[in-house]
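To start, the structure under review is shown below, and the notes come after it.
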Amino acid sequence: MTERILGIETSCDETSAAVLAVTGAEAELSSLVILSQDVHAVFGGVVPELASRAHLRTIGPVIDRALAEAGVGLHGLDGITVTAGPGLVGALLVGVMYGKTLALSLDRPLLGVHHLEGHLFAPTLETPGLRPPFVALLVSGGHTMLLDVPAWGEYRLLGQTRDDAAGEAFDKVGMLLGLGYPGGPAIERLAASGRPGRYDLPRPMLRELDRPGPGRYEFSFSGLKTAVLRAARSAADPAAIRADLARGFQDSVVEVLVEKTAHAAESLGYPAVTLGGGVACNRTLVAAMRERLDGAARVYAASNRLNTDNAAMIAAAGAWRLARGERSGWELEPRADLPFPGLTSSSALQESPA
Ligand code: KG4
Ligand code: ZN
């Protein structure tokens with residue numbers, strides 16, 4: 001039997017809805033609508049109240065459109081899944097309230113989904129057979145996490161960032177190079193014409209990889225951002241060096257992310273690595289990861305549309321949990337700091353020499 005699961009995502013500045021057709025372990029995307037709020041570009045970052053108001057205006061039409069594209073009426077839905085956190089609380093509230101109302105009025109099961117578990121499921125939408133075990137690198141505007149995933153629902157945290165998230169670093173460097181917000185796509189474009197090695201920027205915490213200890217799989221990007229700022233300020237003509245600096249910055253971030261992820265995959269002997277989150281849209285990162293792990297592990301990254309915030313990934317993670325019988329009650333509340341379900345910290349791998 002095929003179940004139709006509605007996904008709703010409003011955690012930040014994308015209003016998104018999707019319908020997923022789930023038959024046993026197979027899930028097929030019937031529709032995905034993503035409405036990006038461009039108002040924030042003017043402010044150089046997301047303005048929470050503007051985001052909430054924009055979600056409120058557009059969530060109805062976005063969901064209607066997703067249903068129409070899937071050829072499903074409201075009563076044809078078998079479950080409602082919605083991002084419950086982490087994210088901007090006012091923005092999350094809009095999606096959660098809409099999802100609750102639909103579930104209550106249609107008498108269908110409701111499930112609040114963790115946004116990052118959504119990113120983790122995104123590659124499965126294009127690679128149906130993709131299953132754990134794998135090492136997952138989640139790199140978004142708010143998070144940088146390296147996970148050991150022995151099974152769905154079991155997430156061992158190998159390391160995360162000590163300060164800025166990888167995407168946040170791209171955004172901050174984008175602003176200081178005058179590229180606007182978000183910085184990631186603009187830096188990647190500019191870096192393509194930059195000279196490699198022109199700037200010798202630090203590889204933050206890369207040396208820790210060779211030393212067993214808690215820092216082994218941790219990241220830090222704020223010092224790198226400061227190094228870029230210093231180089232930009234000391235240039236006689238900052239515009240002339242922008243491409244080289246963008247290249248230097250991206251090369252540094254990519255090398256650190258690739259080396260730590262590859263090391264973890266090799267230490268665990270896993271055949272696969274998955275990338276998720278907005279920074280996984282960076283084709284230079286994906287290509288470097290594939291090259292580094294060539295012959296050792298397959299590297300899976302979803303297409304850009306599924307890597308940036310979208311409701312299809314929420315429906316995919318939610319469908320897996322709904323199938324296990326999990327349900328959210330009517331008391332479901334969004335939380336800015338929602339704990340990652342099934343996340344445990346792993347010290348074993350950090351301590352073992354590899
Ligand atoms: O996952 P996402 O859409 O939203 C969050 O959950 O945060 O990620 C957004 C982040 C932004 O920081 C953006 O600059 C970054 O993803 N990003 C990229 C690229 N495309 C988006 N970073 C590097 N290279 C890209 N091509
Ligand atoms: Zn995200």
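The values are calculated or read from the model by the stated rules, or taken from the named source; none is laboratory data. Only a predicted model underlies this, so the values are computations on that prediction, with no experimental measurement involved. FYI the Cβ positions are ideal-geometry reconstructions off the backbone, even for glycines, and counts take in every protein chain you see. To get the accessible areas, we keep the full protein, side chains included, count just its heavy atoms, and leave off ligands, DNA and RNA. Shrake-Rupley method; radii C 1.70, N 1.55, O 1.52, S 1.80 Å.
For the stretch 148-173, what are the residues that are within 15 Å of ligand 1 (Cβ to nearest atom) and either among the hydrophobic types (A, V, I, L, M, F, W, C) or over 19 Å from V256 (Cα atoms) (or both)?
First, pick out the residues of the stretch 148-173 that are within 15 Å of ligand 1 (Cβ to nearest atom): 160-161, 163-173.
A165, A166, A169, F170, V173 - these are the residues of the stretch 148-173 that are within 15 Å of ligand 1 (Cβ to nearest atom) and either among the hydrophobic types (A, V, I, L, M, F, W, C) or over 19 Å from V256 (Cα atoms) (or both).
Of the numbered conditions (1) of a type outside the set (V, I, T); (2) assigned to a helix (DSSP H, G or I); (3) at positive phi, G174 satisfies every one except a single condition; which is it?
Against the list (1) of a type outside the set (V, I, T); (2) assigned to a helix (DSSP H, G or I); (3) at positive phi, G174 comes up short only on (3).
Could you list all residues from the stretch 136-169 that are open to solvent by 10 Å² or more (accessible area, probe 1.4 Å), within 15 Å of ligand 2 (Cβ to nearest atom) and not in a strand (DSSP E or B)?
S140, G141, G142, H143, E168
Under 9 Å between Cβ atoms, which residue pairs at least 6 apart in sequence (or on different chains) link something in the stretch 308-329 that is within 16 Å of ligand 1 (Cβ to nearest atom) and open to solvent by 50 Å² or more (accessible area, probe 1.4 Å) with a partner that is outside any loop (DSSP other than H, G, I, E, B) and of a type in the set (S, T, N, Q)?
T308/S36
Between a first residue in the stretch 5-23 that is in contact (Cβ under 8 Å) with a residue 40 or more places away in the chain and a second residue that is open to solvent by less than 20 Å² (accessible area, probe 1.4 Å) and of a type in the set (D, E, K, R), which pairs have beta carbons less than 7 Å apart while being 6 or more apart in sequence or on different chains?
Qualifying pairs under 7 Å: S16/E9.
So which of P133, P185 is surrounded by fewer than 22 Cβ atoms within 10 Å (Cβ to Cβ), under 24 Å from R290 (Cβ atoms), touching a residue at least 12 places away in the same chain (Cβ under 8 Å) and more than 16 Å from ligand 2 (Cβ to nearest atom)? Reasoning before the result, please.
Numbers: P185 fails: more than 16 Å from ligand 2 (Cβ to nearest atom).
Unique residue meeting the criteria: P133.
Residues are listed down the side, and each one gets a yes or a no for (1) assigned to a helix (DSSP H, G or I); (2) hydrophobic (A, V, I, L, M, F, W, C):
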| residue | (1), (2) |
| --- | --- |
| S11 | no, no |
| A17 | no, yes |
| V22 | no, yes |
| L93 | yes, yes |
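For the stretch 95-135, give me the residue count where each residue is within 22 Å of A296 (Cα to Cα), in contact with a strand residue (DSSP E or B) (Cβ under 6 Å, 6 or more places away or on another chain) and either in a strand (DSSP E or B) or among the small types (G, A, S) (or both).
Total meeting the criteria: 2.
Does S16 count as among the small types (G, A, S) and open to solvent by less than 40 Å² (accessible area, probe 1.4 Å)?
Working: among the small types (G, A, S): yes; open to solvent by less than 40 Å² (accessible area, probe 1.4 Å): yes.
Answer is yes for this residue.
Can you tell me which of A287, A280 is buried (at least 22 other Cβ atoms within 10 Å of the Cβ), among the small types (G, A, S) and within 13 Å of ligand 1 (Cβ to nearest atom)?
A280
When you look at V82, is it surrounded by 15 or more Cβ atoms within 10 Å (Cβ to Cβ) and modelled with pLDDT of 95 or more, yes or no?
On the way: surrounded by 15 or more Cβ atoms within 10 Å (Cβ to Cβ): yes; modelled with pLDDT of 95 or more: yes.
Here the answer is yes, as V82 does meet what is asked.
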